[in-house]
Every structure is written in C-alpha cells, then in structure tokens.
Amino acid sequence: MKVDLHCHSYYSDGKHSPAFLISRAIANDLTHLAITDHDCTTAFGTTAEIDQRIELISGVEISCNWQGKEIHIVGLCIDPLQPQLVRLMTQQQSSRHTRMLQMDEKLQALGTSGLAEYCGSLPSQSYTRNHVANFLVEQGISKNHQKAFKNFLGKRGRIYVDYNWCNMEEAINTIHIAKGLAVLAHPGRYPLGKRQLEALLDDFASAQGDALEVSYGNIDLPTKVKLCELANSRQLYYSVGSDFHDDDAHWTDLGKFPPLDAIAKKNAIWEHSGWHSW
C-alpha cells in the first residue's frame with residue numbers, strides 16, 4: 001500500500017487537473033490518492049472515469065481559525081455531497097472571494113488593476129493568496145512568490161486582508177458529519193512554539209480530531225519523529241501526504257515524503273475503523 005493523502009488540483013491553488021493528479025499518482029506507483037483542495041470538493045464531480053489501478057479517496061482541506069492562528073484540517077473519506085459540508089464549503093469560498101475582492105481594491109489603489117478578472121478566468125473555486133501572488137509575479141510587480149508575500153500578502157504586506165475562517169471545532173464536526181476523518185495538516189509548518197503546538201494538539205484531540213499528519217513534503221527526520229511521539233501521546237492516528245501543488249516544484253511530488261516505518265504503520269489512519277472510500 002503506497003498512499004498520498006494530501007494534494008491539490010486547480011480547483012483550489014494547485015496547477016493541475018484532477019485527471020493529471022490521478023495519472024501522476026499511477027506513474028509514481030501509488031495505490032491510494034486523496035485530493036484535498038482548499039475548502040472545495042469540486043474535484044470529485046470530475047473524476048467519473050477512475051483508473052482501476054488506484055483508489056481515489058475523497059478529501060478536502062479546511063482553513064480554520066485557532067487562537068488567532070490559521071491552521072488547516074484535512075478531511076479524508078468524506079461524502080462530498082453531505083449538506084452541512086456543502087454549506088460550510090460555500091461559506092468558506094464566499095469568504096475567500098470577498099477577501100480577494102478586498103485585495104483587488106487595495107491593489108487598484110496602488111495603481112494595478114485586473115486581479116479580479118485574473119482570478120475569474122481560473123478554474124479555481126477557492127481563491128487563495130497563492131493566486132494573488134501568481135498575479136503579482138505575472139504582472140512584474142513582484143520578482144517571485146517569496147517577495148510577493150513579504151511585500152504585499154503577509155500580515156505587514158501592502159494589500160493584506162485578514163481571513164474569516166470557521167473555527168477548528170466546526171471543521172472537525174462537519175468532517176465527521178460527512179462520515180470522514182479529521183487530520184491536522186502539516187503541524188510543523190505553523191509559526192508556533194513548542195508549548196503552542198502542544199496546546200493546539202490538545203485542543204485538536206479534545207475536539208475529537210482523528211489523526212496528525214506526521215510526514216509531508218520537505219519534513220526533516222527529527223520533526224517527523226517528534227510528531228509521531230506527539231500523536232502517540234494523544235492517541236491520534238498517523239497520516240501522510242506530499243501537499244503537492246505543481247510539477248514544476250521539483251522538491252516535491254506525489255508520494256514524495258518520508259514513509260512510515262513498519263511499527264508506525266500500525267497506527268496509520270488507514271487502520272482506523274472509519275477508513276473507507278466513496
């Protein structure tokens with residue numbers, strides 16, 4: 001069993017279609033793939049002809065607010081048509097659209113127009129700051145993504161607009177109502193100190209979260225070991241995923257992350273009683 005339980009299509013901020021992701025996963029010898037677009041499940045309405053060589057797991061990545069910090073909860077094995085999930089996705093996408101329009105207004109005040117038209121031309125259903133960064137780079141306003149975030153999109157950036165996400169408990173509850181499993185995504189990437197990270201994991205476990213993403217693209221071995229320890233101490237399952245967005249990003253690919261060892265696999269999320277596919 002070779003899995004990747006975290007990747008993105010062009011329906012959120014990935015570069016590629018769901019069909020490309022499935023083809024790429026098969027080429028990389030994966031047996032299971034979860035497409036987990038940001039606040040969007042559109043990918044699962046476009047994959048009627050699934051290659052029998054791979055099992056597609058329906059998923060989503062929900063942006064949440066936790067103590068003034070943005071965190072991400074991946075939902076796996078969800079029913080993408082469950083009404084409460086659909087309502088939350090509609091709400092989150094609306095917040096993303098409003099945020100983008102507010103950034104567009106700020107950008108116009110600086111003398112650059114066209115962001116709203118640019119985003120509207122994309123297949124994305126969930127606009128992100130990555131889309132805005134792409135626009136800034138394409139317009140020659142920023143040299144690269146890093147400078148776009150530093151100068152324009154970070155909290156001190158010239159067109160920054162605060163987010164308006166659901167809270168973590170609502171995300172986890174909605175995933176469970178949709179018959180899914182809730183995973184705290186890439187915990188080592190949040191700007192949290194040791195005590196804050198442990199507090200986040202405590203709150204996640206108290207809210208009945210199911211698993212911790214203990215291995216993902218570019219993670220170092222000490223972090224992976226520590227995350228496994230933190231998950232184990234809170235009786236959380238282990239999940240893994242590349243967080244793949246773009247085949248031009250050569251440092252990551254579908255299935256490219258440190259694998260779980262034989263002992264860790266006993267606590268893998270696919271051993272959870274709620275694991276299934278649609």
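One table, with the values for the structure above:
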{"item": "Index of the failed condition, GLY209 passing every other in (1) modelled with pLDDT of 95 or more; (2) in a helix (DSSP H, G or I)", "result": "(2)"}
{"item": "Condition broken by ARG156, with the remaining ones in (1) surrounded by fewer than 19 Cβ atoms within 10 Å (Cβ to Cβ); (2) modelled with pLDDT of 95 or more satisfied", "result": "(2)"}
{"item": "Test: residue in segment 132-152 that is over 19 Å from SER63 (Cβ atoms) and aromatic (Phe, Trp, Tyr)", "result": "yes"}
{"item": "Candidate set: segment 226-254, residues that are of a type in the set (A, V, I, L, M) and over 20 Å from GLY209 (Cα atoms); chosen: the one nearest to the chain's Cα centre (by Cα)", "result": "LEU254"}
{"item": "Which listed residue, of ALA25, ALA34, ALA43, ALA19, is under 23 Å from ASP253 (Cβ atoms), more than 17 Å from the chain's Cα centre (by Cα), touching a residue at least 12 places away in the same chain (Cβ under 8 Å) and surrounded by 19 or more Cβ atoms within 10 Å (Cβ to Cβ)", "result": "ALA25"}
{"item": "Test: residue in segment 126-141 that is of a type in the set (A, V, I, L, M, F, W, C), touching a helix residue (DSSP H, G or I) at 6+ places or on another chain (Cβ under 9 Å), assigned to a loop (DSSP other than H, G, I, E, B) and under 25 Å from LEU200 (Cβ atoms)", "result": "no"}
{"item": "Restricting segment 52-99 to residues that are among the acidic types (Asp, Glu) and closer than 23 Å to LEU201 by Cα, the residue that is surrounded by the fewest Cβ atoms within 10 Å (Cβ to Cβ)", "result": "GLU70"}
{"item": "Verdict on ASP203 being in a loop (DSSP other than H, G, I, E, B) and over 14 Å from LEU5 (Cβ atoms)", "result": "no"}
{"item": "Of residues in segment 260-278 being assigned to a loop (DSSP other than H, G, I, E, B) and farther than 23 Å from PRO222 by Cβ, the one modelled with the lowest pLDDT", "result": "TRP278"}
{"item": "Residue match in segment 232-252 (condition: farther than 30 Å from SER23 by Cβ and buried (at least 19 other Cβ atoms within 10 Å of the Cβ))", "result": "yes"}
{"item": "Out of LYS150, LYS226, sole residue that is basic (Lys, Arg), in contact with a Ser or Thr (Cβ under 9 Å, 6 or more places away or on another chain) and farther than 16 Å from ILE269 by Cα", "result": "LYS150"}
{"item": "Conditions (1) over 18 Å from ILE172 (Cα atoms); (2) without any contact (Cβ under 8 Å) to a residue 60 or more places away in the chain; (3) not in a loop (DSSP other than H, G, I, E, B): number failed by GLN52", "result": "(3)"}
{"item": "First in segment 175-202 and over 15 Å from PRO80 (Cβ atoms) and in contact (Cβ under 8 Å) with a residue 12 or more places away in the chain, second anywhere and of a type in the set (S, T, N, Q) and in a helix (DSSP H, G or I), Cβ under 7 Å, 6 or more apart", "result": "GLY188/THR223"}
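One line per residue, one yes/no per condition, for (1) in a helix (DSSP H, G or I); (2) closer than 17 Å to LEU184 by Cβ; (3) in contact with a helix residue (DSSP H, G or I) (Cβ under 8 Å, 6 or more places away or on another chain):
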site	(1), (2), (3)
ALA231	yes, yes, yes
GLN235	no, yes, yes
VAL240	no, yes, no
ALA249	no, no, no
GLY255	no, no, yes
PRO258	no, no, yes
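The values are calculated or read from the model by the stated rules, or taken from the named source; none is laboratory data. If you're wondering where the values come from, they're calculated on a predicted model, not measured in any experiment. All Cβ positions, even for glycine, are placed from backbone atoms using ideal geometry, and neighbour counts span all protein chains on display.
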